[in-house]
Amino acid sequence: MADPSPPHCAHGDADGRMRRRALLGLLTVAPVSIAAMVRIGNGDAPGLEPVGPDEGSRDDWRAFAARFIAPEGRVIDTGNGGVTHSEGQGYGLLFAEHFADREMFDRLLAWTRTELRRPTDSLHAWRYRPGAATPVDDRNNATDGDLLIALALLRAGRRWDDESYTTAGSAIGGDILAFCVHEVDGARVLLPAAFGFEHPGRVVVNPSYYVFPALTALALAAPNPAWEALRSDGLRILRRARFGRWRLPPDWVQIDNGSLDTMAPAAGWPARFSWDAVRIPLHLAWAGLTDEPAFWSAAEFWTAPREGGVPAWVDLGTGSVSPYPASGGIAAIAELARAARP
């Protein structure tokens, strides 16, 4: 079905960069957060098997919820004017499931469905602005947010033996396949949103939107060969879309519509390994894919000695790094990547 609003790409512009920056910081407010994310994939059914948290981390979850989740179940982006994004709701749902906090899970889910659910399908609007005349003024989705929400629902269905969660998560997955996949040279490419990223002669992709544990979980819960194709083709993209001295993936990539071999940092965005792309090694570690070149390139970049510690970004053309250090979220992912080195 058609989206009721015109194409909009704001989650790829300055607002989107602020969103990513704030959420990366939000992920590491509690020391348990990054560790919890990468443990979710363990078990007999990767991505779905419930994993219990360390007992000592429950206080961290309570502190996180008290600081960032409003009473109605809205995850607040404190670094971006108090707005809410589908990505933040997805992370909140994943944490609530991980800590077996069903009351909070249902509160987050109810708000997400009421305020962000699109009227024509199972996807979610990417942004909510409290206090605005129209809080949801753009009904386009953000595919990473939808993947996170779907993963949380599938895990909740398994943890609490509730088929309604599983059905809802599978429905989101079905609409991602229907509206957010583009074919290039026989390969399936995950679009950042239903609209706004397919252009004459090229398609724009954000490699960090490949939430690999979610692709695995959806393949298990709602079997469809398209999920394995998205996963394998996504890894092909990551292996090829690496640039500069450190062979790192950029935040945004443009792919020629005729060939998956023709890639470059996308026009219109800085050619950087930055606030978006830093999630790539996190998603790879979370899915048990730490042998992938993109993971090792990031680990090597973050291990190289330099003054000022971990930089916030690196320019893939010049090799220059940010004049300021990384946020706590990026530093935590860097620590995770360095720890995986032999």
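The values are calculated or read from the model by the stated rules, or taken from the named source; none is laboratory data. What you see is a predicted model; the values in this text were computed from it and never measured. When we count neighbours, we look across all protein chains shown, and the Cβ atoms used for this are built from the backbone with ideal geometry, even at glycine. With ligands, DNA and RNA removed, areas are computed over all heavy atoms of the protein, side chains included. Shrake-Rupley method; radii C 1.70, N 1.55, O 1.52, S 1.80 Å.
Taking label points 7 Å from Cα along the Cα-to-Cβ direction, residue 224 and residue 171 give a separation of 1.4 nm. Computed with every protein chain present, the accessible area of residue 315 is close to 40 Å² [probe 1.4 Å]. Annotation for residue 113 and residue 267: the two label points, set 7 Å from Cα along the Cα-Cβ direction, are 4.4 nm apart. Sorting 128-135, 325-332, 141-148, 259-266 by average packing, meaning the other beta carbons within 10 Å per residue, from highest down gives 141-148, 325-332, 259-266, 128-135.
Per-peptide packing, taken as the mean over residues of other Cβ atoms within 10 Å, places 89-102, 156-169, 243-256 in the sequence 89-102, 243-256, 156-169 from highest down.
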